[in-house]
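> Pasting a structure here, questions to come.
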Amino acid sequence: MDLDLDDFAEIQAALTRSSFRVFCETMLAPLDQKPERHHLLMIRALQDVAKGQCRRLMLLLPPGSAKSTYASVLFPTWYLARFHQRSIIAASHTAELAERFGRKVRNLASDNRELLNYGISSDNRAAGRWETTNLSEYFAAGVKGSVTGRRSDLGIIDDPVAKRADAESESVREATWAWYQNDFYTRLKPNAAIVLIMTRWHEDDLGGRLLEQAQNGGDQWRIIKLPALCDSADDLLGRAIGEPLWPEWEDAEAIAAKRAVLGERNFGALFQQDPRPAGTSFFDQTNVLLDGAGVPVPQFADMVFAVIDTATKTGAQHDGTAVTYWAHTSRHNEAPRSGPNGLVQNIHKTYPLVCLDYDIVQIEGSLLDVWLQTVFQKLQEFAVITQARMGSAGAFIEDKSSGMVLLQQARRRQWPATAIDSKLTSVGKDERAISVSGYVHGGKVKLSQQAFNNLKNYKGRNGNHLLMQVFRFQIGVKDQEDDLLDSFTYAIAISLGDSKGF
């Protein structure tokens, strides 16, 4: 059967109304735009909301990722074409912003009336309050604004926090939560859906409260969390660590420039969706331990290496020279060992990176040569203990201050020593910590029993200084003891990252 142009147009229109992806592609084509990979992930989730397969959706993405374009403009426009007699309540941190979204939805629907098969009723066409010819309605309100008398099949909350000052204010957070519980939530019809679109300003913001509530038996949310720079091995898009979210729009260099301006705390919250209050610990010790203790020293490894962070000055009150020792392996997780008569025995769990031990000393420059020799001797011992198939990769040394002396001494004695790449040494401690945090949080880095149990007296204080410096490191706090932290983060970046490492 031959189809005329009218028949084809109607089929295309029906497909557009049934598929949110087709609708988005159709609306964006005249602008010479198309959905990128993270948009497609949002599109699929929002389509599931429309199908009733997802009742609670949380979209946590950085500014500039077009999350509002898809979730607050394109989605409600299409949603009202898919269903008749539906009601939407859309809220933002101010009524002005909410009405701005409402105006965009209204205009988009009006401009595509024939395609969508509905129009805007002439009785009420205000930006924040209008009805459609298919008996649906759209109502916009500011967070904490009144929605009394309204009922909703779909609730959309986009950007409930206006600025850092509001996020830091306990009274504002409490007022937002009270509005959500007492006003917004009570307006939902049975089986209504909620879509929350935001960037995370604070660990106790609306998203944080809802996630905490979910852990205690409350509404269960589907969460799409996409940081500007990938920081997890379980990234929803399958990105590599450090890979930008939307490189065609904003590449890693542009993001780095923003990070330098914002500072690590604001950048971590807004762009990485990892809000941390100033003064909180950055790394979680439980991620590098097994059942509260260190793991056994690996029975095999690809190689061992050391990372040295040197002091700028000597003396009792100045920084120490710190070294951490590591075993690196890229092999599979369970490593069988060959015993007598070729029998396989002693199945041993392996991890990509294990901190074997550490040391921290305050030492005069004239004695660094003697101390460095002990570092390479210890590396050879660890190479034997771990049966490192590639032996020792030597020491990576920060090429600053006394580190330059150590590099010269090592090379003069023909010991394997490498200057740490300037891409790592030129960034701040907070930034380095954030850049490797995904590996730590993902369990790819472990402490050995030897490192975990190593107590040292340093600056008159006896204890495990590796644990003290790394796992008490506080983001945004100045003048912390962090020599071992530097060695720790350098090692992870070199071993598991890509800055001229392994």
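> Starting from residues that are at pLDDT below 80 and either in contact with an Asp or Glu (Cβ under 8 Å, 6 or more places away or on another chain) or assigned to a loop (DSSP other than H, G, I, E, B) (or both), keep the ones in region 472-486 and report whichever is surrounded by the most Cβ atoms within 10 Å (Cβ to Cβ).
Checking each candidate, the answer is I475.
> Take region 145-193 and flag every residue that is under 20 Å from R55 (Cβ atoms) and in a loop (DSSP other than H, G, I, E, B).
V147, R150, R151, P160
> Which one of these does A254 not meet: (1) assigned to a loop (DSSP other than H, G, I, E, B); (2) at pLDDT 90 or above?
Failing condition for A254: (1).
> Another question, if that's okay. Can you find even one residue in region 344-365 that is in a helix (DSSP H, G or I) and either at pLDDT below 90 or more than 29 Å from L229 (Cα to Cα) (or both)?
For region 344-365, residues in a helix (DSSP H, G or I) and either at pLDDT below 90 or more than 29 Å from L229 (Cα to Cα) (or both): present.
> Now for a different question. Give just the number: which of (1) part of a helix (DSSP H, G or I); (2) in contact (Cβ under 8 Å) with a residue 40 or more places away in the chain does V22 not satisfy?
(2)
> Read through the list (1) at pLDDT 95 or above; (2) polar (S, T, N, Q); (3) out of contact with any helix residue (DSSP H, G or I) (no Cβ under 6 Å at 6 or more places or on another chain); (4) farther than 19 Å from T199 by Cβ, then give the number of the only condition that T69 fails.
Among (1) at pLDDT 95 or above; (2) polar (S, T, N, Q); (3) out of contact with any helix residue (DSSP H, G or I) (no Cβ under 6 Å at 6 or more places or on another chain); (4) farther than 19 Å from T199 by Cβ, T69 violates only (4).
> Just to check your reading of the model, which residue among Q380, Q414 is over 23 Å from D274 (Cβ atoms), out of contact with any strand residue (DSSP E or B) (no Cβ under 9 Å at 6 or more places or on another chain) and either at pLDDT 85 or above or among the small types (G, A, S) (or both)?
Just one listed residue meets the conditions, Q414.
> Here's another thing I want to ask about it. Taking the condition of being exposed (fewer than 15 other Cβ atoms within 10 Å of the Cβ) and at pLDDT 90 or above, how many residues in region 300-324 meet it?
0
> In the set G263, G242, G217, G268, which member is touching a Leu at 6+ places or on another chain (Cβ under 6 Å), more than 17 Å from L41 (Cα to Cα) and not aliphatic (A, V, I, L, M)?
Of G263, G242, G217, G268, the one residue that is touching a Leu at 6+ places or on another chain (Cβ under 6 Å), more than 17 Å from L41 (Cα to Cα) and not aliphatic (A, V, I, L, M) is G242.
> Within region 384-393, can one find any residue that is of a type in the set (A, V, I, L, M, F, W, C), part of a helix (DSSP H, G or I) and assigned by TED's automatic domain parsing to the domain that holds A451?
Yes, some residue in region 384-393 is of a type in the set (A, V, I, L, M, F, W, C), part of a helix (DSSP H, G or I) and assigned by TED's automatic domain parsing to the domain that holds A451.
> Regarding region 434-450, can at least one residue be identified that is farther than 15 Å from I308 by Cα, in contact with a Ser or Thr (Cβ under 7 Å, 6 or more places away or on another chain) and either assigned by TED's automatic domain parsing to the domain that holds A240 or surrounded by 21 or more Cβ atoms within 10 Å (Cβ to Cβ) (or both)?
For region 434-450, residues farther than 15 Å from I308 by Cα, in contact with a Ser or Thr (Cβ under 7 Å, 6 or more places away or on another chain) and either assigned by TED's automatic domain parsing to the domain that holds A240 or surrounded by 21 or more Cβ atoms within 10 Å (Cβ to Cβ) (or both): present.
> So which strands (runs of 3 or more DSSP E) stay within region 46-143 end to end and still have 3 or more residues that are surrounded by fewer than 17 Cβ atoms within 10 Å (Cβ to Cβ)?
Those strands (runs of 3 or more DSSP E) span 120-126.
Conditions tested, residue by residue: (1) more than 19 Å from H39 (Cα to Cα); (2) touching a Lys or Arg at 6+ places or on another chain (Cβ under 7 Å); (3) among the β-branched types (V, I, T).
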| residue | (1), (2), (3) |
| --- | --- |
| L237 | no, yes, no |
| A240 | no, no, no |
| E248 | no, no, no |
| Q272 | no, no, no |
| R276 | yes, yes, no |
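> Let me ask something additional. Could you check region 442-461 and list, in sequence order, the residues that are in contact with a strand residue (DSSP E or B) (Cβ under 7 Å, 6 or more places away or on another chain) and not in a loop (DSSP other than H, G, I, E, B)?
Passing the criteria: V445, K446, L447, S448, Q449, Q450, A451, F452, K456, Y458.
> Does A214 fit the bill of being touching a Ser or Thr at 6+ places or on another chain (Cβ under 6 Å) and either assigned to a helix (DSSP H, G or I) or not β-branched (V, I, T) (or both)?
Criteria not met by A214.
> Kindly indicate whether any position in region 177-196 is under 19 Å from the mean Cα position of the chain (by Cα) and in the same structural domain as L97 (by TED's automatic domain parsing).
Within region 177-196, one or more residues are under 19 Å from the mean Cα position of the chain (by Cα) and in the same structural domain as L97 (by TED's automatic domain parsing).
> Next question, about the same structure. Being touching a helix residue (DSSP H, G or I) at 6+ places or on another chain (Cβ under 8 Å) and either aliphatic (A, V, I, L, M) or over 26 Å from P62 (Cβ atoms) (or both) is the requirement here; does R187 meet it?
When the stated conditions are applied, R187 does not pass them.
> If you check T374 against the conditions, is it within 24 Å of Q449 (Cβ to Cβ) and either without any contact (Cβ under 8 Å) to a residue 60 or more places away in the chain or loosely packed, with under 13 Cβ neighbours inside 10 Å (or both)?
Yes: the conditions hold for T374.
To keep it simple, each residue is scored yes or no on (1) more than 21 Å from L211 (Cα to Cα); (2) at pLDDT 90 or above.
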site	(1), (2)
E137	yes, yes
V143	no, no
V161	no, no
R164	no, no
E170	no, no
R173	no, no
F184	no, yes
A192	no, yes
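The values are calculated or read from the model by the stated rules, or taken from the named source; none is laboratory data. A quick note: this is a predicted structure, and the numbers were derived from the prediction, not measured. Positions of Cβ are generated from backbone atoms using ideal geometry, with glycine treated the same way; all protein chains shown enter the neighbour counts.
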